[in-house]
Structure formats: C-alpha cells, structure tokens
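What follows is a set of notes on a single structure, which appears directly below.
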Amino acid sequence: MARKKKPLPLIEGVKIEAVAAEGKSLVRVDDMVVFVPFAIPGDIVDLQVTKKKHSYAEAEVVRIVEPSPDRIEAVCPHFGVCGGCKWQMLPYPLQLKAKQQQVVDALTRIAKVELPECSPILGSSKTLEYRNKLEFGFANKRWLTKEQIRSGEQFERQESVGYHANGTFDKILPIDECHLMAPVNDRLRLAIRDYAYEHNLTFFDAREHTGLLRGMMIRLSNTGELMLLMQFCMTTDEERQQAEALLAFVRDNFPEVTSLLYVNNTKFNDTFGDLPIEHYSGTDHIFLEMEGLQFKVGPKSFYQTNTDQAYELYKVARRLAFGGADDSYRAKDELHGDADLRPLVYDLYTGTGTIANFVARDARAVIGIEYVPEAIEDAKVNSKINGIENTKFFAGDMKDILTEDFIREHGRPDIIITDPPRAGMHAAVVDVILKAAPARIVYVSCNPATQARDLALLDADYRVACVQPVDMFPHTQHVENVVLLLRR
C-alpha cells in the first residue's frame with residue numbers, strides 16, 4: 001500500500017528578505033531557504049509550500065499580510081499569471097540593483113578570478129513598450145487561473161491566443177494587453193482572434209496535432225516598419241484557403257504591416273528555423289536603424305529585442321574593444337589614419353552582423369561567424385547597403401569554423417568580440433581563442449553564470465579589466481553583461 005504523502009505546510013507571517021535567482025525572492029524559515037515568486041523584500045506574507053527538498057523549499061504567496069513599502073502596482077492586468085514580467089511590482093531602481101548583484105555574485109562565485117570593481121549597471125530608458133519582437137501562440141484550450149476555476153465561471157470559448165502558461169504545453173493564457181511592445185501588437189492579435197472566432201477557424205491542438213492557427217510573430221522597427229509572420233498548420237486545401245483569407249484580411253485592414261509572411265508548420269514543435277518562409281505581401285524583411293546604419297532583419301534573423309538599449313550595449317562593446325574610456329577613441333590617429341594600422345577584429349556569434357558592421361569603420365577588417373546561414377546572408381546585405389567593404393562573414397558551427405587553419409588563412413585577430421547564446425562558448429572555441437592570443441577580448445553575455453565559467457577558462461592568459469552590466473529586459477530577472485579581457 002502506497003504511503004500517504006504529508007501535506008505541505010503553510011507558513012504564516014514571514015518577512016521576505018532578499019531577491020534571489022530566477023526572478024524569485026527568498027526567506028529563511030527554520031534554517032531552510034524558501035524561494036518565493038512575485039514577492040519583494042519587505043513583504044510580510046503567508047506562504048503555501050509547493051515543493052520541499054532537503055536544503056530548500058519553494059512556496060507561493062497565499063496572502064500579503066503587509067506589503068513592503070517598496071512594492072508598487074503592476075501595470076499589466078496579467079501580472080502574476082503570465083509570468084513574463086516577474087518584477088513589475090519592484091521599482092526599477094531596485095530591479096537594477098538586484099541585477100548588478102546577480103552579475104557580481106556569478107562572477108565572484110563561479111569564475112573565481114581577480115575582478116575590478118563592477119561598473120554601475122546601465123538602465124533602459126524605456127521600461128515599457130521596449131521590445132521589437134513578440135511571439136504568441138494559439139491553442140484550443142485556454143489556461144484558467146485558480147480564481148477562475150474556483151469561481152466556476154463558464155467561458156463561451158476555449159480557443160485562445162496569448163502566451164504559453166508555465167508548466168503546460170497545450171494551453172494558452174489569453175492576453176488582452178501586453179505592454180512589452182507598442183499597442184499595435186494588441187490590435188493585431190485581437191483582430192486576428194476575432195476574425196478567427198467569426199469565421200470558425202480552428203486553433204491548434206498540441207495533443208492531437210491539428211488546428212489551423214498555431215502562432216504569430218510580430219517584429220516592429222524603429223523606422224516604422226512592421227513584420228507579421230503567421231504560423232499555420234495546414235493539411236488540407238480548405239485550411240490553405242482559410243489561411244489565405246486571413247492573410248488578405250490582415251493586408252486589407254492593417255496597412256502598417258509592411259511585411260506579411262507565413263509558414264506552414266506541421267512538425268511536432270513550434271520552431272520554424274528549418275522551414276521555408278512564404279511571402280504574402282509587402283517586403284520579406286524590415287530594417288532597423290542604429291547610428292546612421294541600417295540593418296536588414298528577416299523572420300529568422302537574430303536582433304537584440306530592445307532596440308534602444310541594443311545601441312547602448314553595442315556602444316559599450318565598441319568602447320571596450322577599441323580602448324577608449326568614452327567615444328573619444330574616435331579621434332585616435334591610429335584608428336582613422338592608415339587603414340593598415342587599424343586592428344583586425346573577429347566578431348563571434350555575429351547574428352546579422354550588427355556588431356561587426358557597427359565597429360567596421362574603426363577596424364582594418366572584421367570577420368563575422370554565425371551558425372544561422374540566413375543571418376549571415378543578412379549580415380552581408382547589411383554591409384552592402386551601408387557601403388561597408390571591410391567585412392567578411394562565414395556560416396557554420398563556431399567550433400567547426402573557428403580553427404587554427406581558419407586563423408592562419410584570415411589573419412590573427414587583434415580584438416575578438418564574442419556574444420554567444422545562453423550556453424556560453426564551447427570549450428573548443430575557448431581553446432582556439434587562447435591560441436589566437438588577441439590583445440583584447442570583449443565578451444558580451446546574456447548569462448553571467450556561463451560567462452563566469454568561460455572567464456575561468458581564459459584566466460591563465462587574460463585578466464578581467466572591466467565589468468559593465470546592461471539591462472536589456474526591464475521587469476525581468478535577465479541581465480546582459482559585458483566584460484573586457486586584456487592579455488596578460
């Protein structure tokens with residue numbers, strides 16, 4: 001006979017102590033650390049433990065007995081359920097303080113290398129409507145909150161468009177408004193939803209793998225262009241006709257959509273990087289601008305999602321790469337005199353070549369490497385449309401492309417700028433960087449933990465000269481960090 005599990009305890013009247021990892025806060029109860037989402041330091045709360053391990057527990061707030069004096073009202077009506085902006089109730093200056101500490105803790109505890117004092121984090125000028133890209137899913141089952149379940153409320157429609165709810169793959173939380181992008185995202189999403197209701201279009205069923213409407217992606221540029229990519233699951237002629245009618249509706253009613261695309265995804269996952277993109281109307285791309293440069297961005301392209309803050313991030317990377325304390329490095333004769341005296345730069349994980357093209361005027365040449373072939377084609381186009389002739393781009397797995405033979409062929413870099421994905425750099429890539437022995441490495445990271453791991457691997461030959469956190473994602477726990485390494 002199975003042993004009955006003990007009910008998890010209720011903890012009453014405890015005071016949240018500090019911000020912790022993954023956007024949670026913590027409190028210590030009887031020598032056990034308890035992690036709590038959607039609470040901030042100073043809150044006095046009642047907690048229901050949801051998971052208990054030997055050394056820690058997880059809990060959720062069942063009642064705020066007394067709110068922290070720092071707590072503010074969340075802007076979004078979906079706050080606390082959506083899970084996307086976990087810190088809307090935390091004032092922005094305190095968010096920045098927590099993120100800076102996150103960087104310091106990761107580099108100190110994981111890298112265990114000698115560090116300079118961390119520079120003050122650069123906050124985002126916009127804390128709302130700062131994203132240039134959003135993705136929404138469609139599902140034939142809606143996610144219900146605990147309050148909705150308890151109320152017994154009956155919903156006329158289960159079909160929903162919004163964000164995937166945490167802990168489920170087949171249900172969507174309906175989103176009425178999202179403040180991460182300009183309001184056009186709401187108008188588009190809700191108009192498509194209402195059209196689908198009116199015309200009885202089917203929403204995707206992730207269990208049965210049926211249903212026409214599967215997802216939508218919106219990309220918004222700072223030049224006024226807007227891309228909409230619809231993701232369908234079309235298996236019949238009737239569904240194809242329905243999809244084309246929906247696309248015609250968008251084209252005729254939303255003139256602000258300058259790039260209307262779609263993809264037919266009948267796979268068992270939502271990724272479409274390996275699928276052909278179909279062009280319906282407008283262009284097949286948008287342009288984003290930065291310091292007079294234009295960058296072509298397609299549906300599969302990577303581009304930093306906070307447009308304004310991306311400019312600040314790249315200015316930091318450029319300043320550290322070329323050795324100036326500020327943008328005054330541009331006056332240096334060795335950078336603007338004889339081109340042969342300028343440094344050779346390698347830009348690893350270059351994406352659409354944004355950093356490569358951004359620093360090209362100060363370099364003898366820039367070599368960009370990226371895994372996604374479509375992004376590399378965009379990088380080449382970006383150089384061409386901006387009249388930049390000293391860049392070369394290569395597509396392929398970084399550890400396969402960046403070899404000693406490659407460096408012998410293209411030249412030993414004076415500067416390496418690297419901006420890897422969250423997993424950090426492959427050990428083989430770190431090894432080749434060490435053998436290439438550039439004078440400077442500028443390491444841009446969206447994950448200070450894996451960055452710290454890589455800094456430890458580089459420490460024998462490089463010292464950390466500057467640590468500069470940059471906040472790209474207000475109201476979330478995520479932080480970008482730029483580190484300058486100088487050869488010992």
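The values are calculated or read from the model by the stated rules, or taken from the named source; none is laboratory data. Computed from a prediction, not measured in an experiment: that's the story for all the values here. Because the Cβ atoms are built from the backbone with ideal geometry, glycine has one as well, and the counts that use them run over all protein chains shown. Please note that ligands, DNA and RNA were not included when accessible areas were found on the heavy atoms of the full protein model with its side chains. Shrake-Rupley method; radii C 1.70, N 1.55, O 1.52, S 1.80 Å.
Do the alpha carbons of any pairs in Lys15/Lys53; Lys112/Lys133; Lys15/Lys86; Lys24/Lys53; Lys86/Lys171; Lys267/Lys380 sit beyond 28 Å of each other, and which pairs? Among Lys15/Lys53; Lys112/Lys133; Lys15/Lys86; Lys24/Lys53; Lys86/Lys171; Lys267/Lys380, the Cα-Cα distance tops 28 Å for Lys112/Lys133; Lys267/Lys380. Protection proxy ranking, highest mean first, for peptides 427-437, 256-266: 256-266, 427-437, where packing is the per-residue count of other beta-carbon atoms within 10 Å, averaged. Cα centroids of region 88-105 and region 458-488: 16 Å apart. Taken about its Cα centre, region 418-488 carries a charge dipole of roughly 220 debye when the Cβ of each Lys and Arg holds +1 and the Cβ of each Asp and Glu holds -1.
If the segment from Glu114 to Asp252 were pulled out straight at 0.36 nm per residue, it would be longer than the present Cα-Cα gap by 43.7 nm. Mean residue ellipticity at 222 nm, helices only, the chain: -7500 deg cm²/dmol; runs of at least 4 DSSP H residues each add -39,500 (n - 2.57), and the sum is divided by the number of residues.
Seen from all sides and averaged, what is the projected area of the convex hull of the Cα atoms in region 234-297, in nm²?
Numbers: hull surface 22.7 nm².
Averaged projected hull area, Cα only: 5.7 nm².
With the charge dipole of the chain set up from +1 on Lys and Arg Cβ and -1 on Asp and Glu Cβ about the Cα centre, the Cα lying farthest toward the positive end among the listed residues Val19, Gln468, Val359 is that of Val19.
Scattering from region 80-208 was approximated by placing one identical point on each alpha carbon and applying the Debye formula without solvent; log10 I(q)/I(0) at 0.12, 0.16 1/Å stands at -0.65, -0.93. DSSP beta bridges fully contained in the chain are about 70 percent antiparallel.
In the frame of its principal axes, the chain has Cα extents of 75, 63, 47 Å, reported largest first. Put simply, when 351-359, 126-134, 16-24 are sorted by average Cβ atoms within 10 angstrom per residue, most first, you get 351-359, 126-134, 16-24. Evaluate the distance, in nm, between pseudo-label points positioned 7 Å from the Cα of Thr50 and of Thr210 along their respective Cα→Cβ axes. Between Thr50 and Thr210, the label points sit 3.3 nm apart. Please work out, to two decimal places, the log10 of the ratio I(q)/I(0) at q = 0.14, 0.23 Å⁻¹ from a Debye calculation in which every Cα of region 202-274 carries one identical scatterer. Once normalised to I(0) and log-transformed, intensities are -0.46, -1.04.
Of the accessible area of the chain, with the probe set at 1.4 angstrom, what percent is carbon plus sulfur? Don't jump to the answer; show the numbers that get you there.
Working: 11630 of 22900 Å².
In the chain, the share of accessible area belonging to carbon and sulfur is 51 percent.
Treating each Cα of region 434-480 as an identical point scatterer and ignoring solvent, apply the Debye formula and state log10 I(q)/I(0) at q = 0.19, 0.31 Å⁻¹. Calculated log10 I(q)/I(0) at the listed q: -0.67, -1.29.
Computed from the Cα positions only, the extents of region 396-488 along the three principal axes stand at 45, 30, 19 Å, in decreasing order.
Between Asp308 and His478, 0.36 nm times their residue separation minus their Cα-Cα distance comes to what? Walk me through the numbers before you get to the answer.
Values: separation 170, 0.36 × 170 = 61.20 nm, distance 1.67 nm.
Here the answer is 59.5 nm.
Measuring nothing but how far apart in sequence close Cα pairs (under 8 Å, 6+ apart) lie, relative to its length, the chain scores a relative contact order of 13 percent. Across all C-alpha atoms in region 160-253, the radius of gyration and Dmax reach 13.7, 41 Å.
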